Every structure is written in C-alpha cells, then in structure tokens.
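**Q** The structure is given below, and queries will be raised subsequently.
The values are calculated or read from the model by the stated rules, or taken from the named source; none is laboratory data. The structure presented is a predicted model; accordingly, all values stated were derived computationally and were not measured. Cβ placement follows ideal geometry from the backbone for every residue including glycine, while neighbour counts extend to all protein chains displayed. Quick note on the areas: whole protein, heavy atoms, side chains included, nothing else; ligands and nucleic acids left out. Shrake-Rupley method; radii C 1.70, N 1.55, O 1.52, S 1.80 Å.
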Amino acid sequence: GGGPYLKTGIEYLIAQSKVSTSVFYQKLSTRASVAGHSQGGFAATQATTMDSNVVAEVCVEGGGIPKAGVATLCLTGNASADAGPNSAINSVNATVIQQTYPGTTGPAFLADWDGGDHETTPTLGGYASGNPGTIQFIRLMTAWDRCYLAGDGNACKLFKGGSSCGICKDPGWAQLASKNL
C-alpha cells in the first residue's frame with residue numbers, strides 16, 4: 001500500500017465522526033496516527049507528509065523521512081544475535097536507523113530488537129509463537145499512540161527519561177535511542 005490509501009482512510013473516518021448514523025459519530029478525534037511494517041512502514045512515513053491530521057507514526061522496518069514535528073517511533077530488529085555497536089549495519093532494515101530516525105524533527109524513539117527478523121518479530125507469527133521481541137513491539141506501538149494521541153502520561157514514561165526510560169530497563173534491545181522527548 002501507499003500513503004494515499006492511509007490518507008483516504010483517515011479522511012473517511014474523520015468524516016464518519018460527523019455523520020449521525022455512523023457508529024463513529026462523535027467518537028473520533030481529528031488527531032491521527034499511522035503505522036506500517038516494511039512497505040507499509042514506508043507508506044506510513046509518506047502519509048505523515050500527506051495529511052495534516054497525522055501527529056504520530058510507528059514505522060516498523062520501513063523508511064523515509066516523516067513530516068516535520070510528527071512523533072515517530074522507529075522499530076526494527078537485527079538478524080545478528082550480537083549486533084552490538086554495528087546494529088545499524090546488521091539491522092533488518094538499516095533505513096530505519098540510518099535515515100528515518102535521524103531525519104525526524106519531532107519526538108522520536110528508536111528501538112532495535114536484538115535478534116529480531118523481518119518475517120516473525122513484527123507479525124502475527126511472532127505473537128502466536130510468544131516471540132519476546134513481538135511482545136515488546138506491540139507494547140511500544142500501543143504505548144506510543146496512547147502517549148501521543150491520548151496524552152497518557154504513564155505510556156509516555158516508557159520513552160521519556162533518557163537512559164532511565166521505562167523500556168530502557170528491559171533486556172533484549174540491541175539499541176535504544178530517543179530525541180526531542
């Protein structure tokens with residue numbers, strides 16, 4: 001998919017929030033978040049530049065440069081069990097680490113799961129098998145949107161606080177980084 005599809009979906013839901021016969025009537029904010037994995041991650045980043053309602057994004061092993069000021073969570077993994085300081089080189093999609101995260105101007109957090117792959121860690125397959133990286137990805141994606149769409153201070157604590165952030169205490173990460181939080 002591409003950013004235009006996400007933009008169309010956001011516009012549709014915002015319009016439905018104004019239709020008295022819709023199940024979404026007066027239930028939706030105009031503040032939106034987009035998310036995607038791989039090609040969908042590129043589409044989510046593209047959608048940040050296409051719709052002024054987008055205030056947050058979760059880019060999972062995708063890429064591109066998000067719109068200025070958009071709160072961006074970058075999730076990736078590395079196929080190497082010991083990536084260490086070379087995690088950007090060994091990343092499943094190095095674009096997330098080398099382009100998307102550095103290109104953000106709004107609040108941003110980068111989480112690189114040690115040993116994470118492209119097909120299992122960020123997908124239902126990882127959830128079904130109890131993959132700990134998958135569980136962490138789901139946790140962070142949910143908290144990111146709770147933080148930036150709902151103003152949930154407890155969710156924000158997972159990302160804020162520099163090296164003492166909530167997620168920073170959890171094992172399994174090859175690399176964690178934050179800026180503008």
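**Q** List pairs: first residue in the range 135-153 and more than 11 Å from residue 58 (Cα to Cα), second residue buried (at least 19 other Cβ atoms within 10 Å of the Cβ) and among the hydroxyl-bearing types (Ser, Thr, Tyr) anywhere in the structure, Cβ distance under 6 angstrom, at least six positions apart or on different chains.
**A** Pairs that qualify, where the first residue is more than 11 Å from residue 58 (Cα to Cα) and the partner is buried (at least 19 other Cβ atoms within 10 Å of the Cβ) and among the hydroxyl-bearing types (Ser, Thr, Tyr), are 149/33.
**Q** Here's a follow-up. So which residues in the range 108-118 are within 20 Å of residue 169 (Cβ to Cβ) and not hydrophobic (A, V, I, L, M, F, W, C), if there are any at all?
**A** The answer is 112, 114, 115, 116.
**Q** While we're looking at this one, here's another question. Testing residue 160 on (1) open to solvent by 60 Å² or more (accessible area, probe 1.4 Å); (2) over 26 Å from residue 65 (Cβ atoms); (3) part of a loop (DSSP other than H, G, I, E, B), one condition comes back false. Which one is that?
**A** Going through the list (1) open to solvent by 60 Å² or more (accessible area, probe 1.4 Å); (2) over 26 Å from residue 65 (Cβ atoms); (3) part of a loop (DSSP other than H, G, I, E, B), residue 160 breaks only (2).
**Q** Further, regarding this structure: Please go through the range 111-139 and give me each residue that is surrounded by 24 or more Cβ atoms within 10 Å (Cβ to Cβ) and of a type in the set (A, V, I, L, M, F, W, C), ordered by number.
**A** Of everything in the range 111-139, those that are surrounded by 24 or more Cβ atoms within 10 Å (Cβ to Cβ) and of a type in the set (A, V, I, L, M, F, W, C) turn out to be 111, 113, 137.
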